[in-house]
1. Given (1) at pLDDT below 90; (2) touching a Phe, Trp or Tyr at 6+ places or on another chain (Cβ under 6 Å); (3) closer than 17 Å to Thr334 by Cα, identify the lone condition not met by Ile391.
2. Specify which of the listed residues (Asp457, Asp482, Asp520) is touching a Lys or Arg at 6+ places or on another chain (Cβ under 6 Å), among the acidic types (Asp, Glu) and in contact (Cβ under 8 Å) with a residue 12 or more places away in the chain.
3. Cβ-Cβ below 7 Å, separation at least six or inter-chain, first residue in the range 492-516 and acidic (Asp, Glu) and at pLDDT 85 or above, second in a strand (DSSP E or B) and surrounded by 15 or more Cβ atoms within 10 Å (Cβ to Cβ): which pairs?
4. In the range 312-341, which residue that is out of contact with any Pro (no Cβ under 9 Å at 6 or more places or on another chain) and farther than 26 Å from Arg222 by Cα is least open to solvent (accessible area, probe 1.4 Å)?
5. When you check Tyr422 against the structure, is it over 23 Å from Glu571 (Cβ atoms) and aromatic (Phe, Trp, Tyr), yes or no?
6. Determine if the range 645-658 includes at least one residue that is in contact with a strand residue (DSSP E or B) (Cβ under 8 Å, 6 or more places away or on another chain), assigned to a loop (DSSP other than H, G, I, E, B) and open to solvent by less than 40 Å² (accessible area, probe 1.4 Å).
7. If I ask for residues that are open to solvent by less than 50 Å² (accessible area, probe 1.4 Å) and out of contact with any Leu (no Cβ under 6 Å at 6 or more places or on another chain), which ones from the range 226-247 would you list?
8. Go through the residues of the range 369-381 one by one and say whether even a single one is among the β-branched types (Val, Ile, Thr) and over 23 Å from Gly223 (Cα atoms).
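The values are calculated or read from the model by the stated rules, or taken from the named source; none is laboratory data. Predicted model, so just to flag it, every value in this text is computed and none were measured. As a convention, Cβ positions derive from the backbone with ideal geometry for all residues, glycine included, and neighbour counts pool all protein chains shown. Protein only, heavy atoms only, side chains kept; ligands, DNA and RNA dropped before computing areas. Shrake-Rupley method; radii C 1.70, N 1.55, O 1.52, S 1.80 Å.
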Amino acid sequence: MPYTANNSTLHAKWLRISLIAGCALLGLVIVLWLALALYIHLNREAFLRQITDRLNQRLHGTLTIQKMNPSLLRSFPHVSMELETVQLKDSGWQQHHHALLDVKRIFVKVNTFTLLRRHMDVREITMEDGTIYLYTNAAGYTNTNVFSRPAQKKGNGSAKDADIGSIELRNMELVIDNQQKNKLFHFTVRSLEGAVDASDTDLHFDVRTRLLVNSFSFNTIRGSYLRNQELETTLAFNFNKQQRKLSIPAQRFRIGGQPVSISASFDFGQTPAAFVIDINAVNMPYHHATSLLLPHLQHKLDSLDLQKPLDVQAMIKGHMRPHDTPDVRVKWHTANNILVTKAGQWDSCSFSGNFSNELIPGYGHHDANSAVRIYQLHAKWGGLPLKADTIQILNLKRPEFMGRFHSSFALQELNELTGDTYEFQSGTATANLFYKGSILAGDSLTPYLDGAIAIRDGGFTYLPRNLQFHDCNATIQFSGQDLFFHNVMAKSAKSTLQMEGSMRNVLGLFFKAPEKIQLDWDIRSPLIDLDEFRFFLAPRKTARQKAGKAANTAASRKARRLASQLEVVMESCNVNMRVTLDKLNYRRFDAQRVVAAVSLTQSDILLQQISLAHAGGSLRLNGSIHPQGNSNRFKLAGAIDNVHIDQLFYAFENFGMQSLTSKNLKGILSARANITGNLHDNGKLAPGSMFGELSFDLKQGALVHFGPLEDIGTFFFRKRNLSNITFDNLRNTLQLKGNKILIPPMQISSSAIMMDVSGVYGMPRGTDIYMDVPLRSPEKIAQKGKKGIVLHLRATDDNTAGKVKIKLGKQ
């Protein structure tokens, strides 16, 4: 039908009628709502008495509401009532003073028509600024007994419970304080919005909340989990009224801003009630994870640090009974992380692991029965690759760290760590070590180290002494506190060393008292050039840690500290060396079949039972050297047997004499010496430093081309050969007095002349020797005696330093 003006008028008419009817209906509803609100307002005192009386009839205690006001605009078309200063106290409040409910404001949205029917249909309850405190004393009495109904009088029937649709909390303290079971759960609820869906068998809750966990303690003696953590979640959970079981499916929480998945179940049908809480977190910072644990566990685990997040799974399982500590099990995994420990920083660190506070089943959940395990560790420590199948930290009451570590690397990789001690040029090292000891600073647990480090084809420089070695091989074995060196082979420029050694109690004394460490060496060698080792004459460095170069990482600093401390140990420890050498060289000195015992103490070098073959004879020596600056004071007591005197003088650089040298002497020398003196760091004898006594016996001796005697022969003994004077035996005891040798009177009977000699030989100046020489030949003296002319000669310094001239004269 075509649209016409009449149709338009008709539609407008019905629209006006509809609007008028709607407005009338809305107005009627408003009028009725205002009437009901006015009715409630006018009868609020009666309603307040009605509510409190009805509730107090159902309580073992007292409910007080200071004031009630309707809130007309808060929940149109329903009416909200504002209850001010609401307190619910049980009958035992006078003893414990913990009101179950103490709230400044409660807003209740009700179906007002049901109120007129004497039944409350509560659509919403909102509590603000107050406390809900569920208290149980040590005897088991609880303030929740306030809800235990008094016995109903017969005929009264049963009243229907109030229906509650939703609950909201704002700035509320929620406390569950069970002193009988030592449990305390305390939450500051910033906000909580919850809805309840009830059935015959279940109560289903939907909750959105933001709260602060002040205490989540299953055993107040042990402390609280999640302490001071902010928690946010939208949570759905279910309570089965028949089984009395609370079930929380896995849902997302934010704890301290960190997303975490948590599921839980609480079985109140068991006696005691059992609970299980499962936590799963991905990419959780390490210290955030430890902060969720009990304080003492956090303190122990915070001795470690992981600088990147890790994945964590945790399970807390226990019972709601007195003094119960739940079973806690934590698993984790991380890759390419940075682990910082007491032993330094571990880079590129990948591993999995777990924690349990019940290592041995049935022995309880406590620190002494707790364990941390790390599996399949791959990391770098100071640049060195390390592997470990299993690492354990047992007994967190007194933590014990143990693990077996494997590593293989080029020795040059140690250079960044060893600083100013060693510089490696070549070689490889393979380590297989088991360590057991403390992990926390201050722990007194004795460290234990077992295993070996194998070094092959090494080349390095010992920087403090500038000593270079190559073709080095060794096995360094650790056994408990002790360190052993096996099959040590090393070559320097001129020497070859084969060594076995040990250091006792080195782990216990390494940092605490390095000067008490003793290093024992058995040294064998086909050849040693002692000149390479004259650094022993230099003063031992003060035992202090050197700063070294700057390090980039904590591991480098730790490793450099170890290397620096190793230098301190090497400079401070006492060294005992038992030496067996086929051949020994030192400057001009050559020896064979050397056997010696040498000790290096804090202040001295002790030479004990040294014997060697030299110059066709043998030497035996005991003594000490006291390094002190550039002056190394020595004290020697020795014996020389059947040594070729020319070779001896050559080897010892003529003992500092210039006029009488190895070229002038022949013969077989035996001597006994007890002398002191000074050596410079370069190994040379300090002039004028020798004091002591030297007794000698020279057999088959000869004085060859001795200039002073040849000079007097030119004038007085022209027919005698004074260029090669021989004598069968010559003995005396000389006194060494610094730069002088005191020659007691002695008679020299030789092939050319006979003389009586006494005086002083100066080094290099101060010579004053007196000689009485008969003109008769030794043959005639033997036949007729010393009668005849006797020349009185005097040997003194020449104008040239170190030279001697002989002239006529007598003192």
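1. (2) is the only condition that Ile391 fails.
2. Selected residue: Asp482, the only one of Asp457, Asp482, Asp520 that is touching a Lys or Arg at 6+ places or on another chain (Cβ under 6 Å), among the acidic types (Asp, Glu) and in contact (Cβ under 8 Å) with a residue 12 or more places away in the chain.
3. Sorted first by the residue in the range 492-516, then by its partner, the pairs are Glu500/Phe485; Glu500/Val488; Glu500/Asp522.
4. The residue in question is Leu339.
5. Details: over 23 Å from Glu571 (Cβ atoms): no; aromatic (Phe, Trp, Tyr): yes.
Criteria not met by Tyr422.
6. yes
7. Of everything in the range 226-247, those that are open to solvent by less than 50 Å² (accessible area, probe 1.4 Å) and out of contact with any Leu (no Cβ under 6 Å at 6 or more places or on another chain) turn out to be Gln229, Thr233, Leu235, Ala236, Phe237, Asn238, Asn240, Leu246, Ser247.
8. yes
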